[in-house]
Every structure is written in C-alpha cells, then in structure tokens.
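A short write-up of the structure that comes next.
The values are calculated or read from the model by the stated rules, or taken from the named source; none is laboratory data. Worth saying up front: this structure is predicted, and the values here are computed from it rather than measured. As a convention, Cβ positions derive from the backbone with ideal geometry for all residues, glycine included, and neighbour counts pool all protein chains shown. Heads up: the accessible areas ignore ligands, DNA and RNA and are worked out on the full protein's heavy atoms, side chains in. Shrake-Rupley method; radii C 1.70, N 1.55, O 1.52, S 1.80 Å.
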Amino acid sequence: SLDDYYSAVDQSCTVDEDCVVKDVGNCCGYGPRCVASSYSPNTDLVTRLCEKEGVFSTCGIVELDGCSCVESRCAPKN
C-alpha cells in the first residue's frame with residue numbers, strides 16, 4: 001500500500017550531510033522529501049499503487065531548501 005511505501009522511506013541520519021532531497025513520488029507525480037542519501041525511491045511503484053488504490057492528489061509546488069538531521073531523522077530545513 002502507499003502507506004507501507006511511505007513508512008519504509010529511509011530518513012535515518014547522523015549528520016546533516018546524510019540527508020538530501022529526492023523525489024519519492026506521490027499520486028500527482030513529483031513528491032520531494034528529505035531522505036537518507038543512500039535511499040533509492042521507487043516512483044514507478046508509487047504510480048502503480050496510486051492507480052490500484054484509486055488515489056488522486058492535489059498537485060502543488062513543493063519546494064525544499066535543503067535538509068537537516070533532526071533527532072536522527074532527515075527533515076526539511078526551516
């Protein structure tokens with residue numbers, strides 16, 4: 001399921017440099033998120049799950065100015 005995919009996204013880190021912005025996908029297409037630099041998103045899977053689950057997203061422009069490591073998880077910089 002989409003929830004399973006998103007909960008498995010690797011956002012672990014020890015320092016800010018461990019975190020990068022990558023397109024993890026969403027039902028609109030582009031879904032940037034702060035993730036571990038070693039994580040490889042599967043946007044094709046997201047597309048298939050969106051179709052299978054009949055999920056549609058409201059599309060908007062999401063801009064992330066970078067990421068930080070906060071309590072061992074990658075998070076958008078404020």
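List the relative contact order of the chain as a percent without decimals, with contacts defined as Cα pairs under 8 Å and 6+ residues apart. Working shown, then result.
Values: 140 pairs, mean separation 29.0, N = 78.
With pairs under 8 Å counted, the relative contact order is 37 percent.
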- request: Could you please report the charge total around Cys67, scoring K, R as +1 and D, E as -1 over all other residues with beta-carbon less than 14 angstrom from its beta-carbon?
  value: -4
task: First compute the accessible area of the chain with a 1.4 Å probe, then give the percent of it belonging to carbon and sulfur atoms.
output: 47
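Tally Lys/Arg at +1 and Asp/Glu at -1 over every other residue whose Cβ is under 15 Å from the Cβ of Cys34; what's the total?
Values: positive: Lys22, Arg33, Arg73, Lys77; negative: Asp10, Asp16, Glu17, Asp18, Asp23, Glu63, Asp65, Glu71.
Residues close to Cys34 contribute a combined charge of -4.
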task: Might you report the magnitude of the Cβ-based charge dipole of the chain about its Cα centre, with Lys and Arg at +1 and Asp and Glu at -1, to the nearest 20 debye?
output: 120
query: On average, how much accessible surface per residue is there in the chain, in Å², for a 1.4 Å probe, leaving out ligands, DNA and RNA?
result: 66
statement: Rounded to the nearest 10 degrees, the helix 43-53 long axis (Cα) sits at an angle to the longest Cα principal axis of the chain of 40
message: Once each part is reduced to its C-alpha centroid, what is the distance from segment 1-32 to segment 35-72 in angstrom?
response: 5
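Could you quote the convex hull projected area for the chain, Cα atoms only and averaged over all directions, in nm²? Spell out each step's value before the answer.
On the way: hull surface 20.2 nm².
The orientation-averaged projected area of the Cα hull of the chain comes to 5.0 nm².
Specify the longest stretch of the chain that does not include any exposed loop site, a site being one of the chymotrypsin sites (Phe, Trp or Tyr not before Pro) with a non-H, G, I, E, B DSSP assignment and at most 13 other Cβ atoms within 10 Å.
On the way: sites that count: Tyr30, Phe56.
Looking at the chain, 1-29 is the longest stretch - no exposed chymotrypsin sites (Phe, Trp or Tyr not before Pro) with at most 13 other Cβ atoms within 10 Å.
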- request: Among Ser68, Thr14, Cys27, pick out the residue whose Cα is farthest towards the positive end of the charge dipole of the chain, where Lys and Arg carry +1 and Asp and Glu carry -1 on C-beta, about the Cα centre.
  value: Cys27
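In the chain, what GluC sites (Glu not before Pro) fall in a loop by DSSP, with at most 11 other Cβ atoms inside 10 Å? Walk me through the intermediate numbers first.
Numbers: sites: Glu17, Glu51, Glu53, Glu63, Glu71; in loops: Glu63, Glu71.
Answer by residue number: Glu63, Glu71.
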